[in-house]
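Before any comments, here is the structure.
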Amino acid sequence: MSDSERKGEWPVEERRRQRERRAGERRRGADRRSKAVAEIQGERRSGQERRDTDRRTGRDRRNEAEWQPVPIELTASANFDAEMALIAAATDARTHARAAYSNFQVGAALETSDGQVIGGCNIENATYGLTLCAERVALVKALSDGHAVFTRMAIVADTGEPTPPCGPCRQLLWEYCGDIDIIVGNLNGPAGRYRLSSLLPMPFDARLLR
Ligand code: THU
């Protein structure tokens, strides 16, 4: 029996093997990390190209089937005139967009329960992160003017598929407008109508704070 074994220590040979095993693990970890970085850096495909291949390969697991806008049946809504007017107001608000960084102009129009319409456009900033979405601009304008009850919002962008509100906007709209109709459209007019509750299932809200 060696001295170290007598003292209850691991034999020298065993400690050497452990050191080597740990060094090997560290090397393999570093290899894996640099491979992942190389993969990311090699990924210089355009947004559309990336989305298309990712969807085909199953790498993009977002389910866009849910997102196909339900075509607006022109006769299906008693509110069609109001929806058209709201889309027109959103289209108009969009012309004021300050979107120098994304070049993606969005307009929104929020209708109050007494039929007033408040427009908003996206306002970007050189920090990027301070960007304000059109929906939120319309909402805070309306709230700060004292409006409190809302019926619907229209959102317009110059895209084939209409632009739905982003997650944070959904959350804020839910808080202050409740389950309003969201009319999405493009420069050709309205293209889909959603209830906000269908865009924000299982929402977190003040009821949960009680
Ligand atoms: N944007 C909106 O204003 N509303 C939306 O629903 C989606 C995105 C803006 C934010 C940013 O200025 C630009 O569009 C690109 O994301």
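One residue stands out among those in region 118-150 that are part of a strand (DSSP E or B) and within 8 Å of the ligand (Cβ to nearest atom): the one that is most open to solvent (accessible area, probe 1.4 Å), which is 132.
Taken over region 93-111, the criterion of being within 15 Å of the ligand (Cβ to nearest atom) and among the charged types (D, E, K, R) is satisfied by 94, 98. In the condition set (1) within 12 Å of the ligand (Cβ to nearest atom); (2) of a type in the set (Ser, Thr, Tyr); (3) within 16 Å of residue 199 (Cβ to Cβ), residue 176 is compliant with all but (1).
For region 82-111, name all the residues that are in a helix (DSSP H, G or I) and of a type in the set (A, V, I, L, M, F, W, C).
Listed by number, the residues that qualify are 82, 84, 85, 86, 87, 88, 89, 90, 93.
Residues in region 163-185 that are open to solvent by less than 20 Å² (accessible area, probe 1.4 Å) and not hydrophobic (A, V, I, L, M, F, W, C) were compared, and the one that is nearest to the chain's Cα centre (by Cα) is 165. Of the residues 153, 202, the single one that is among the aliphatic types (A, V, I, L, M), in a strand (DSSP E or B) and more than 17 Å from residue 103 (Cα to Cα) is 153.
The values are calculated or read from the model by the stated rules, or taken from the named source; none is laboratory data. Because the structure is predicted, anything quoted here is derived from the model rather than measured. Every residue, glycine as well, gets a Cβ built from its backbone with ideal geometry; the counts of neighbours run over all protein chains shown. Note: areas computed on protein heavy atoms with side chains; ligands, DNA, RNA excluded. Shrake-Rupley method; radii C 1.70, N 1.55, O 1.52, S 1.80 Å.
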